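What follows draws every value from the coordinates through simple rules; no lab data is involved. These numbers come from a predicted model, not from an experiment. When we count neighbours, we look across all protein chains shown, and the Cβ atoms used for this are built from the backbone with ideal geometry, even at glycine.
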Amino acid sequence: MNANNHNTINIAITGVGGQGVLTLAEILAKAALAEQLNVRVGEIHGMAQRGGHVVCTVRIGTDAMGPIIDSGTADLLVGFEPVETLREIHLIKKNGCVLMSSHVQYPVAVSMGTTEYPTHESILQSIRGFTKRIIDFDAMDLAQNSGSSYALNMVMFGAIIGTGIVPISKESALRAIRESFPKKFEKINIQAAEAGFDRVKSCV
């Protein structure tokens, strides 16, 4: 997968409040600015502080005049959780790429037994109705192996860079991480990003 030729790359990032979706969007934007790219970021907080649905949009390129991504126009949909990814699948364009962590974070309704969580295969089947380009892996496992489950967002950041869809170098991405976190968290976050990058790079 190579960086697209058109003037703007549309990226939608979705997950659950507390997973670091907003932080990922901010650091992705910082890395884009380091490459002297025009970037716009939109944040839809939802119930972010209560474990609710969260969506951020990042648009990179000369034609990005605002942060809104219309349905069917996202080049890349980044999902921190399978059902949350499926919830925003309408944003992906035909043949766009879905980058999804397979680790499940059960909604309250499922935990209480009032509804059932769909099977992973059924989620993938629904996504395939929109695009066949799916990179599906357990980002939480990589984060924990890097030293902290809180580094999940940096695994996903590295994975985004690994797809080659965004015109951001690995060097700029790692520099953005170093500039965004206290020194004591640098090693874990860098390791997490490297793990995400390597995991996805092997798929493309």
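Of all residues in the stretch 161-175, which are outside any loop (DSSP other than H, G, I, E, B) and farther than 9 Å from ALA193 by Cβ?
The answer is GLY162, THR163, GLU171, SER172, ARG175.
Every residue, every condition in (1) crowded, with 22+ Cβ neighbours inside 10 Å; (2) among the basic types (Lys, Arg); (3) not in a helix (DSSP H, G or I), yes or no:
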site	(1), (2), (3)
GLN19	yes, no, yes
LEU22	no, no, no
LEU33	no, no, no
GLU43	no, no, yes
ILE60	yes, no, yes
MET100	yes, no, yes
GLY113	no, no, yes
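Which of (1) in a helix (DSSP H, G or I); (2) touching a residue at least 60 places away in the same chain (Cβ under 8 Å); (3) not aliphatic (A, V, I, L, M) does ASP141 not meet, given it meets every other one?
Of the numbered conditions (1) in a helix (DSSP H, G or I); (2) touching a residue at least 60 places away in the same chain (Cβ under 8 Å); (3) not aliphatic (A, V, I, L, M), the odd one out for ASP141 is (2).
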